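Enquirer: Structure below; questions to follow.
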Amino acid sequence: MHYETITTEESFSKIKDKYSNSDISSGVLVLLGEEELFKKSLIASIKSYMFEDDGDVDMNYSVCYDKNDVISGSPLDDAETPPFGAKLRLIVVFNYDSYLDKNDFLEYAIKPSNTSLLILVSSSPIESDGIYKYFAKKNSPNLNFVHFPKPKENDFTALIYYYLGSRSKKITNDALDYLLDNVNLDYTSLYSELQKICDYHNDKPVFNIDDIKDFTYTSKHANIFDFINAILDRDRKKCFSIMSHLKEDPVSTLNLILHSFIILYFLKIFPPQTSINDMAKIINQNYNAISLKKRYINKFSLKEISFVISELSRLNTISVTNPSHILKAHFDLFLFTITK
């Protein structure tokens, strides 16, 4: 068993090089910890190295995003199946510890197939992972653990300078402080923010605080209501920026968004002279909720509001009939459609 912790760009580059060459072999690779960006990048790198031909990918690569994403058989069935026209089969299982039969993964790790590389992904810290606990004091050459804990603030400072330096950009001290104070401290949020800033201000060699504020709309404490208000404002840039920083799953806000648009619907169909107090009594809604939504009434036409309500109802149906990643894709498209 081999174990290492990745917290910096430099340490990640080393492990990516390690798993992007001829050393890739069969067995089990367990990716743990809260930091998601490096995990996804490592998986993409391994996949790219293993399969140079698209046909090999189609025949020998499978991915499951959660326990509900299994249509037939199981990922372990795939792992036990010999590859077709390739050296190894690659199977990736996200949120593997959410499976009711997760002990099956432990049993597989004890004696893995020699024709497959199984990558198990979890956001759990390494010390609470069942497979790690079992193998902590055992020798298993075909089992590797890589831990991606949430980095510390000084790691992010180094990353910002590294990323901007790779794009021949610099940043002022006050802009750096503002960026660190106003984004969630995880690499996914930070990379997303830096990419947008660099792409938009491509002609600027040095970023000042105003350049950062152009894109960094939200703070670490931005909540779900900021997200909904951005939707009601039809501000696409702000909407997606806030969404990338939320701790909550934005898809879980479907009913809250629906509630907001139902209020907009009634604001549209009631005569303009109707008082908010009377409207609140008639439609059995909170006075303050109606009052707060009134400023968005001219952002959408009645036809557009009806479309949004219909789409939200459709998304609610998708939420109980499809895997979460499919719902997320539909939700992102919905937001893109109704914002500007």
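The values are calculated or read from the model by the stated rules, or taken from the named source; none is laboratory data. What you are looking at is a predicted structure, and each value in this text was computed from that prediction instead of being measured. Heads up, the Cβs are rebuilt from the backbone with ideal geometry, glycines too, and the neighbour counts pull from every protein chain shown.
Enquirer: Find all pairs meeting these conditions: Cβ atoms under 7 angstrom apart; at least six residues apart or on different chains; first residue within the stretch 308-330 and more than 13 Å from N255 (Cβ to Cβ); second residue of a type in the set (S, T, N, Q).
Expert: P323/N68; L327/S319
Enquirer: Any idea how many residues of the stretch 1-54 are within 23 Å of P141 (Cβ to Cβ) and over 20 Å from the mean Cα position of the chain (by Cα)?
Expert: Matching residues across the stretch 1-54 total 24.
Enquirer: Taking the condition of being of a type in the set (K, R) and touching a Phe, Trp or Tyr at 6+ places or on another chain (Cβ under 6 Å), how many residues in the stretch 75-120 meet it?
Expert: 0
Enquirer: Can K204 be described as among the basic types (K, R), over 22 Å from E34 (Cα atoms), modelled with pLDDT of 85 or more and outside the structural domain of E36 (by TED's automatic domain parsing)?
Expert: So K204 passes the test.
Enquirer: Got at least one residue in the stretch 174-187 being surrounded by fewer than 20 Cβ atoms within 10 Å (Cβ to Cβ), over 26 Å from K237 (Cα atoms), within 25 Å of the chain's Cα centre (by Cα) and not assigned by TED's automatic domain parsing to the domain that holds S41?
Expert: Within the stretch 174-187, none of the residues are surrounded by fewer than 20 Cβ atoms within 10 Å (Cβ to Cβ), over 26 Å from K237 (Cα atoms), within 25 Å of the chain's Cα centre (by Cα) and not assigned by TED's automatic domain parsing to the domain that holds S41.
Enquirer: With more than 18 Å from D97 (Cβ to Cβ), assigned by TED's automatic domain parsing to the domain that holds F105 and in a loop (DSSP other than H, G, I, E, B) as the only criterion, which of S11, S48, S25 stands out?
Expert: Of the residues listed, the single one that is more than 18 Å from D97 (Cβ to Cβ), assigned by TED's automatic domain parsing to the domain that holds F105 and in a loop (DSSP other than H, G, I, E, B) is S25.
Enquirer: Right, here's the next one. Which residues, counting only those in the stretch 288-303, are surrounded by 13 or more Cβ atoms within 10 Å (Cβ to Cβ), within 33 Å of the chain's Cα centre (by Cα) and assigned to a helix (DSSP H, G or I)?
Expert: A289, I290, L292, K293, K294, Y296
Enquirer: Filter the stretch 111-153 down to the residues that are outside any loop (DSSP other than H, G, I, E, B), under 21 Å from I24 (Cβ atoms) and of a type in the set (V, I, T), then identify the one that is modelled with the lowest pLDDT.
Expert: Here the residue is I131.
Enquirer: Now for a different question. Step by step: first the residues of the stretch 110-125, then only those that are hydrophobic (A, V, I, L, M, F, W, C) and buried (at least 21 other Cβ atoms within 10 Å of the Cβ), then the one that is farthest from the chain's Cα centre (by Cα). Which residue is that?
Expert: Residue satisfying both the conditions and the ranking: L117.
Enquirer: Among the residues of the stretch 122-180, write down those that are without any contact (Cβ under 8 Å) to a residue 40 or more places away in the chain, touching a Leu at 6+ places or on another chain (Cβ under 7 Å) and either over 21 Å from D210 (Cα atoms) or among the small types (G, A, S) (or both).
Expert: Passing the criteria: G130, Y134, E153.
Enquirer: Please go through (1) modelled with pLDDT under 85; (2) within 15 Å of P149 (Cα to Cα) for S25 and return the number of the only condition it doesn't satisfy.
Expert: Of everything listed in (1) modelled with pLDDT under 85; (2) within 15 Å of P149 (Cα to Cα), S25 misses just condition (2).
Enquirer: Scan the stretch 303-317 and give yes if some residue there is among the aromatic types (F, W, Y) and either under 20 Å from F225 (Cα atoms) or in the same structural domain as F94 (by TED's automatic domain parsing) (or both), otherwise no.
Expert: Within the stretch 303-317 (the criterion being among the aromatic types (F, W, Y) and either under 20 Å from F225 (Cα atoms) or in the same structural domain as F94 (by TED's automatic domain parsing) (or both)), the answer is no, since none of the residues qualifies.
Enquirer: If R234 passes every condition in (1) in a helix (DSSP H, G or I); (2) at pLDDT 90 or above but one, which one does it miss?
Expert: The one condition R234 does not meet is (1).
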